[in-house]
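Reviewing the structure listed below.
The values are calculated or read from the model by the stated rules, or taken from the named source; none is laboratory data. What you see is a predicted model, and the numbers here were worked out from it, not measured in a lab. Heads up, the Cβs are rebuilt from the backbone with ideal geometry, glycines too, and the neighbour counts pull from every protein chain shown.
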Amino acid sequence: MIRALLAALVSVAAPVAAETPDAVARRYGLQGELLAAKGDRILLDRGYGTIDPAGGAVHAAGERWRLASITKQVVAAQVVAGLESKPGVLDAPIPREVAPGVGFIPALAGLTVRQLLTHHSGLANPDDTPPGAGGVPGAYLKRAPDVAYCASKPGTPGAAFAYNNCDYLLVGAWRGTDRWPQGMAMATAGERGVPGYVKGRPEPAIQLASFGAAGGLIGTARDVFRFDRALMTGRLMAPASLAALWTPEGKGSYQALGQWVFPGTLAGCATPRRIVQRDGEIGGVQVRNFILPDDAIVVIVFTNRSSDDFAFGEVWEGKGFVYDLLSAAACS
């Protein structure tokens, strides 16, 4: 009896084997692609499940995905890097200098770059345009970004936070964004990357090109990884500029410039980890880009199932796919 009791106690006290990111993806039934890396070394880049929920062709590493709002993260980095020689411009009214051929946009009068990059602009919102086929707002059915609509309403400097793709479309028009990180490209009319699914059915028709600087980039997981590493290691901007890019606005908000930066409590880590997070969802495709800069870790996830079909969850919830995935990547 004593031996049995001791054996039971040892069994209870024995540590549970650490789960890997691959095991987490399989346990949650990810349909898409997962990349996990430490430093310059990619530890995992694998496709999971089928492209169509009904079966058939399977996902594979290296697919060209719509990057959705990772585009905003890229644009914010480019803008901040481009303003390094102009101290104070982030928080000054946008100057009248513009990209060649664009002309000054009156709707930007009085707004600052920071207000645009953090969605405090009060500009017109393409989500509010009359819906077309499939209930998709009409602005997202056009073959190119509707900059004219975005500029149709004067901005309100310091407006309350309101997520708005026009903020980045007008930043793109003002700065001119035609140079993208290696491997990434802006979608052309009719191009959408891996097709998405909503509630098990093909997504409504969209024009990915209409998202422009707010969400129109296409690329692979490795393209995003190269961008992340260049950002983390100072190859894209000076340390002071990176600090500005990744400093949350405060007052209870972890929103930084084009991304969210927060201390995340993860299972198996003794202390919270600094997490840089960029979410995105267009149609039936969801994306997540996680950078843990102090640990030199990158985790990138794509799925062609909408949020109605696959729940990522949030780190602060202390459970769910993202919490378990980052715990496995950073703390095992």
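Do we have Leu170 as at pLDDT below 95 and either over 22 Å from Asp279 (Cα atoms) or touching a Cys at 6+ places or on another chain (Cβ under 8 Å) (or both) here?
yes
Just the residues that are modelled with pLDDT of 95 or more and on the phi > 0 side of the Ramachandran plot, please, taken from region 122-148.
Within region 122-148, just Gly122 meets the criteria.
Considering only residues that are part of a loop (DSSP other than H, G, I, E, B) and either under 18 Å from Leu123 (Cα atoms) or of a type in the set (S, T, N, Q) (or both), look in region 73-95 and name the one that is modelled with the highest pLDDT.
Here the answer is Ala92.
For region 275-312, what are the residues that are without any contact (Cβ under 8 Å) to a residue 24 or more places away in the chain and under 24 Å from Pro195 (Cβ atoms)?
Ala311
Hey, could you check region 103-121 for residues that are of a type in the set (A, V, I, L, M, F, W, C) and loosely packed, with under 14 Cβ neighbours inside 10 Å and say which is modelled with the highest pLDDT?
Step by step, filter region 103-121, then rank; the result is Ala109.
Is one or more of the residues making up region 257-278 in a loop (DSSP other than H, G, I, E, B) and touching an Asp or Glu at 6+ places or on another chain (Cβ under 7 Å)?
no
Please enumerate the residues belonging to region 35-57 that are more than 18 Å from Gly219 (Cβ to Cβ) and either in contact with a helix residue (DSSP H, G or I) (Cβ under 7 Å, 6 or more places away or on another chain) or part of a loop (DSSP other than H, G, I, E, B) (or both).
Gly39, Asp40, Leu44, Tyr48, Gly49, Asp52, Pro53, Ala54, Gly55, Gly56, Ala57
Regarding region 222-238, can at least one residue be identified that is in contact with a strand residue (DSSP E or B) (Cβ under 7 Å, 6 or more places away or on another chain), crowded, with 19+ Cβ neighbours inside 10 Å and assigned to a loop (DSSP other than H, G, I, E, B)?
No, there is no match, as no residue in region 222-238 is in contact with a strand residue (DSSP E or B) (Cβ under 7 Å, 6 or more places away or on another chain), crowded, with 19+ Cβ neighbours inside 10 Å and assigned to a loop (DSSP other than H, G, I, E, B).
Would you point out which residue out of Ala187, Ala205 is in contact (Cβ under 8 Å) with a residue 24 or more places away in the chain, closer than 29 Å to Asp146 by Cα, surrounded by 20 or more Cβ atoms within 10 Å (Cβ to Cβ) and not basic (Lys, Arg)?
Step by step, each of Ala187, Ala205 is checked, and only Ala187 is in contact (Cβ under 8 Å) with a residue 24 or more places away in the chain, closer than 29 Å to Asp146 by Cα, surrounded by 20 or more Cβ atoms within 10 Å (Cβ to Cβ) and not basic (Lys, Arg).
Could you identify the single residue in Tyr163, Tyr149, Tyr140 that is aromatic (Phe, Trp, Tyr) and either over 22 Å from the mean Cα position of the chain (by Cα) or over 30 Å from Arg222 (Cβ atoms) (or both)?
Tyr149
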